[in-house]
Amino acid sequence: MVTGRGDLVKTCVQQANNKRGRALSGSPGDASLLKNGNFLLRPMLLWLAWLCCAGVHAQTVAPSSDQTAITVARFMDVLVDPEGSWDFNQVRGEFAGRFAPNAADEPNFGFTGSVIWLRFTLDLSAARAHNWYLVERYPILDHITLFKPDQRNHYQRVEMGDTLPFSHRMMDHRAFVFPLDTSIEGPRVYYVKVSGKGAINLSPMLYSAEGLVEYTYRDTLIYGVFYGCLLIMVVYNALLALSLREPVYLYFVAFLAGILLFNLNINGFGLQFVWPNLPRLNEYYWLGIYICTPALAMYSRHFLSLKQRFVRYDRLLRHYLAALGVLLVVQLLIPPPWSYYLSTLVVLITVLLFSWLGWMVWARGYQAARLYVAAWSVFLLLIFIFVLGNLGWVPYATIITMLPHIGALWVVVMLSLALGDRIRFLERERSQLFIEARQNLERHVREIEQMNRDKSTFLQYVSHELNTPINWLGAAHSANDDGAERDVWALVRKGQQRLMGMVATSLRYFDLADRDGSPLLARCSPRRLLDDTLAGASGALRERNLTVHNHIDADLQVRANETELREVLAMALDNAIRFSEPGGRIELTSTARGERAEIRVRDDGRGAHESQLESLFEPFFVVGSRHHEEGYGLSLAMARVMIEQTGGRIWAESDGPGKGFMLVIRLDAEGG
């Protein structure tokens, strides 16, 4: 067996003697001096050797009787064997001087193929009344071996690890618990050897029996709450899936199952309770990832309604699912630790993808995604820190091992709440659609009723128009003298012309009303069009002794169809001429306000009641009568159709009967 501290002292003395021989091997005189002064140098070298040995070790750990837990890592020295080829004797002997003090409470070496050696000095003399244990709390180390001394300073080798069946454990605990012999007196040196294919994160503690019970109770309570929440969510969503028959709940249950499997593996409970005799399953912890990720993708497709609302994102997730299938095959073919690297990459890509997806869908107005975004944003941050900790890029702490559990619980709770929020959102959306459908139905009913009224009005109007020439025909048939017959036939021809005009005007109105889209638009000058119209109406203006004041801005340009705008302006001017009193005035004005321009045609004629202003734009409506021999009641109706189809607006204003009338036309203005 290998002995303890005395062998290390001998090694230090031997190294000091070698240094002394090399330093003093210069001349025969020096050798003689060495020989004669050996009685002085030897005690000095022994003293230096003891100093060297004392400097090699970290501070001795000496628990007292009132302590229950000690963070032992800060008292450890660390040695890294890059090739993993050194044995225990070499580490204690020739490589003992290579140990370096450890400064971290929880050393983190990340993914490494090296073998890690730890060394610490422990004196249990003051705590012999209690049992003490060395506990490594990180439960997924492939191999961990404790070399502990006995009374004769011989070393006993105790091996554990998650590659061994759980029955190899000295205690039934998910952590690696090594009982220590408290009957040994004085300080003794202990060694720990750690290796593995995954990340090597160490969290060693010294616990008394009382401290171990407290740690186990606290650990069991925390994980009990975690797994209890998961199981409640699994049962609850499974029942919802059965009752509601919605696949989104089944996908969520599959996602929860993957989370459950993954966490059972990485916190050691799987080996302890589920597969104690199949430790090789621990190498396939990533299977939980390949259950979670496709289930999450299908959940997201249904939850966010990607197929119906966001086809491009739905296509992206289909490609993601195909890529997962390929990566799963690759993962089964490559050995650890490369399979671990690949699974870590899959997790990072997945979290980034679904965080981005949630933000994009939410930004596009899908309010049901808000809790989805909250879930993945926090989970992204926690997993990012966890990965950095496993890679050794940030200082390691016990809380880092809990981050996947905290993140998973957060996601599970948020996504469960999101399902409820989605139901409320869909209910509100359904209610809104119902309200809109009812409003559309009511609008269609009103339109149909209006069409019926227009049809009735049109039939009454046509009946009246047809009745007049028929009466004239009867009068012509009963006329006796030539003069009266000629007058009657003149009336008949006039009625014929009116009927032909009414038919042509009606057909024009119906063609305009049924036209799809707007006519060809261009830049138009209202002043030029009105000047042409006034020139054509000069005879009617002189006949009624009307004065026109044209204040239309000559530089004003509007966007309209020139032919139809000319027709509308002619209708407005004709309306003003026909309803103005003789000797009256007509005023034409314009204003431009930003991107809009208004043209006003005002007369001081008969005016109209406020209640009649909107009715003026109904087909076949004339103020004071349903029929007027000089018009068909369609001019303003056609004007509204033509103006509104260009994106403009037309309306009438009047202060009341006998107080004049103004027609306002609003159009888009064009820059000069």
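Suppose we keep only residues that are of a type in the set (Val, Ile, Thr) and closer than 23 Å to residue 64 by Cα within the stretch 195-249. Which one would you say is farthest from the chain's Cα centre (by Cα)?
The extreme case among them is 213.
When residues of the stretch 128-148 are filtered for being farther than 18 Å from residue 170 by Cα and crowded, with 21+ Cβ neighbours inside 10 Å, how many remain?
Of the residues in the stretch 128-148, 0 are farther than 18 Å from residue 170 by Cα and crowded, with 21+ Cβ neighbours inside 10 Å.
Checking residue 572 against (1) open to solvent by 10 Å² or more (accessible area, probe 1.4 Å); (2) within 24 Å of residue 657 (Cα to Cα); (3) in a helix (DSSP H, G or I), which single condition isn't satisfied?
With (1) open to solvent by 10 Å² or more (accessible area, probe 1.4 Å); (2) within 24 Å of residue 657 (Cα to Cα); (3) in a helix (DSSP H, G or I) applied to residue 572, the lone miss is (1).
Among the residues of the stretch 200-218, write down those that are open to solvent by less than 10 Å² (accessible area, probe 1.4 Å) and small (Gly, Ala, Ser).
203, 208, 211
Within the stretch 522-554, restricting attention to residues that are part of a strand (DSSP E or B) and touching a residue at least 40 places away in the same chain (Cβ under 8 Å), which residue is surrounded by the most Cβ atoms within 10 Å (Cβ to Cβ)?
In this case the residue turns out to be 524.
Determine which member of the set 320, 340 is of a type in the set (Ser, Thr, Tyr) and within 17 Å of residue 262 (Cβ to Cβ).
340
Scan the stretch 336-359 and tell me whether some residue there is modelled with pLDDT of 85 or more, open to solvent by less than 30 Å² (accessible area, probe 1.4 Å) and touching a Gly at 6+ places or on another chain (Cβ under 6 Å).
Yes: one or more hits.
Kindly establish whether residue 318 is more than 19 Å from residue 403 (Cα to Cα) and free of Cβ contacts under 8 Å to residues at least 24 places away in the same chain.
Considered against the rule, which asks whether it is more than 19 Å from residue 403 (Cα to Cα) and free of Cβ contacts under 8 Å to residues at least 24 places away in the same chain, residue 318 comes out as yes.
Report, ordered by the first and then the second residue, all pairs with beta carbons closer than 6 Å, sequence separation of six or more or different chains, a first member in the stretch 622-643 that is modelled with pLDDT under 55, and a second member that is open to solvent by 50 Å² or more (accessible area, probe 1.4 Å) and not charged (D, E, K, R).
Pairs that qualify, where the first residue is modelled with pLDDT under 55 and the partner is open to solvent by 50 Å² or more (accessible area, probe 1.4 Å) and not charged (D, E, K, R), are 627/464.
Scan the stretch 226-239 for residues that are without any contact (Cβ under 8 Å) to a residue 60 or more places away in the chain and open to solvent by less than 80 Å² (accessible area, probe 1.4 Å) and jot them down.
227, 228, 234, 238
Collect the residues in the stretch 102-140 that are hydrophobic (A, V, I, L, M, F, W, C) and either touching a His at 6+ places or on another chain (Cβ under 8 Å) or modelled with pLDDT of 95 or more (or both), keeping them in residue-number order.
115, 116, 117, 118, 120, 122, 132, 134, 135 - these are the residues of the stretch 102-140 that are hydrophobic (A, V, I, L, M, F, W, C) and either touching a His at 6+ places or on another chain (Cβ under 8 Å) or modelled with pLDDT of 95 or more (or both).
Yes or no, residue by residue, for (1) of a type in the set (S, T, N, Q); (2) closer than 18 Å to residue 661 by Cα; (3) in a helix (DSSP H, G or I); (4) touching a residue at least 12 places away in the same chain (Cβ under 8 Å):
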site	(1), (2), (3), (4)
556	no, no, no, yes
559	no, no, no, yes
565	no, no, yes, yes
568	no, yes, yes, yes
576	no, yes, yes, yes
583	no, yes, no, yes
590	yes, yes, no, yes
597	no, no, no, yes
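Scan the stretch 659-671 and give yes if some residue there is at pLDDT below 85 and open to solvent by 20 Å² or more (accessible area, probe 1.4 Å), otherwise no.
Checked the stretch 659-671: at least one residue is at pLDDT below 85 and open to solvent by 20 Å² or more (accessible area, probe 1.4 Å).
Out of all the residues in the stretch 424-439, is one or more within 25 Å of residue 352 (Cβ to Cβ) and either open to solvent by 30 Å² or more (accessible area, probe 1.4 Å) or modelled with pLDDT under 80 (or both)?
no
Just the residues that are touching a residue at least 40 places away in the same chain (Cβ under 8 Å), under 17 Å from residue 121 (Cα atoms) and surrounded by 14 or more Cβ atoms within 10 Å (Cβ to Cβ), please, taken from the stretch 149-177.
149, 153, 155
The values are calculated or read from the model by the stated rules, or taken from the named source; none is laboratory data. It should be emphasised that the depicted structure is a prediction, and the values quoted were computed from it without experimental measurement. Don't worry about glycine lacking a Cβ; one is built from the backbone with ideal geometry, like all the others, and counts go over all protein chains shown. Heads up: the accessible areas ignore ligands, DNA and RNA and are worked out on the full protein's heavy atoms, side chains in. Shrake-Rupley method; radii C 1.70, N 1.55, O 1.52, S 1.80 Å.
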